[in-house]
Amino acid sequence: MVAAQAEVAVVQEDPDVGEVLEADGDAFIAGGRGVVHASRPQGSGPQRAAPPVGQAFGLRPAASLADALRAPSACTREDQGVAIETGRAEVADARLAGRGMSAMGGGKARPRSGIFRVMTVNVLERRHADWQRRRRLLERGVQDWQPDVVALQEVVRCEDYDGVRELLGEGWHVAAHPRWSEDGVGAAVASRWPITAVRTDAFGGVGREAMAAWCGVTVAEVQAPSPFGTMLVVHHKPSWERGQEREREAQAIAAARLVEAMAGSGHVVLLGDFDAPPDSASVRFWTGRQSLGGLSVCYRDAWEAAHPGEPGHTFSPVNPLVRQGEMPEEEGRRVDYIMVRCDDYGPTLRVGLCEQVFSEPVDGVWASDHYGLVADLLLPAHRPGSWALG
């Protein structure tokens, strides 16, 4: 894991905005009562000063790395977090070869500058549908598309198994969701670029969400390369049950408030499995079509921007894993999203493209019961709120 001489800081939970992590190194444990950060050992790589905001959340040193990490496994205790080594990685150049590549992944070189690529996929937990064959498809898809950020749902973490690392390999900065099921199922967001702060909300006290053991939101501050700079990546996973739209509405409000508490003038990308279609109140709230609880926000839906009028179902009975699963009468819905936050003048990033991934079988194998999404995000032709020169 992390060398013994690593410094460790435990960041206390803030009651108003959830958990917070200030990071200048490698490993995170996000738990129900706080976040542990184990920093990079001296001499192992570039050191970055902790952001000033860390002072406001009361950093205090832990006695040792072993003491800080001494906790039950995520496989044996709900709400237990995940410790994952991360590191620096060079991002391979890649360029989307076209929509025809969407079943497996993209594939050819793209210029690194000027494009920020994000992916989200619910991988279907490993106890279902021949995980080893599905895993290989998921691994290849991530390798082919080379996203800068990927959000994973239904990944598993146990004492002797790390599903995030198995799928992505080494060299990722990872922020875990705040709650994990008793058998170790949860979610995580991974970035090729440094994550310098994390806040989470496990959505406690908003309804029947206890039935969904690993719902929550993670907001990660990512140090993206130029021209993007510091940006927020928001991994949202509300309740999945069909009859719990009231809970999803309350969870959307809680997530939006957390984002607004962190967001400045930088870009915000929202993604994940929202378990609700575009015409639901919770998704209409995100896209600025209605207010909830006296609050309104506005995000540009990447799929809608790239494919206006197309249903884009990501959970579809066309996929035999859906029919074989727990919802045999599923009619097909778009429930997985990538969105970009708008300021007063519109989205701060332009959607260059948005495509489904893992949406067709390869040699008879479907990667998951969900189709994933990938989007390329670019700066607008000129800054919203200004006039173009000339």
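No value in this document is a laboratory result; all are computed from the given coordinates. Here the structure is a predicted model, which is why all the values come from computation and not from measurement. Methodologically, a virtual Cβ is constructed for each residue, glycine included, from the backbone with ideal geometry; neighbour enumeration extends over all protein chains shown.
For Y345, Y161, Y371, the sequence from fewest to most other C-beta atoms within 10 Å is Y345, Y161, Y371. Going by neighbour counts of Cβ atoms within 10 Å, the residues E304, E329, E154 line up, fewest first, as E329, E304, E154.
Quick one: T218, T230, fewest Cβ neighbours within 10 Å first, how do they rank?
T230, T218
Each other residue within a Cβ distance under 9 Å of E125 adds +1 if Lys or Arg and -1 if Asp or Glu, for a net charge of 0.
Rounded to whole Å, give me the distance from the Cα center of segment 222-242 to that of segment 329-353. Measuring centre to centre over Cα atoms gives 12 Å.
A cut-off of 5 Å between modelled amide H atoms, ignoring neighbours fewer than 5 places along the same chain, links G171 with G87.
Under 5 Å between amide hydrogens, built in the peptide plane, is the criterion, and for G288 it picks out V297, Y299 among residues at least 5 positions away or on other chains.
Here the 3J(HN,Hα) profile of segment 136-153, calculated from phi with Karplus coefficients 6.51, -1.76 and 1.60 at θ = phi - 60°, is 5, 5, 5, 4, 5, x, 5, 4, 6, 7, 6, x, 6, 9, 9, 9, 10, 10 Hz, Gly and Pro shown as x.
Backbone amide hydrogens, once placed in the peptide plane, bring L377 within less than 5 Å of F116, R117, V118, G352, excluding anything fewer than 5 places away on its chain. Please say if segment 83-378 is rounded, prolate or oblate, where rounded means a/c under 1.5 for a ≥ b ≥ c the square roots of the C-alpha gyration tensor eigenvalues, and otherwise the choice is prolate for a/b larger than b/c and oblate otherwise? Because its axes are fairly even, with a/c under 1.5, segment 83-378 counts as rounded. For segment 290-303, the Karplus equation 6.51 cos²θ - 1.76 cosθ + 1.60, evaluated at θ = phi - 60°, returns couplings of 7, 9, 9, x, x, 10, 9, 9, 8, 10, 7, 6, 5, 5 Hz by residue, with Gly and Pro reported as x.
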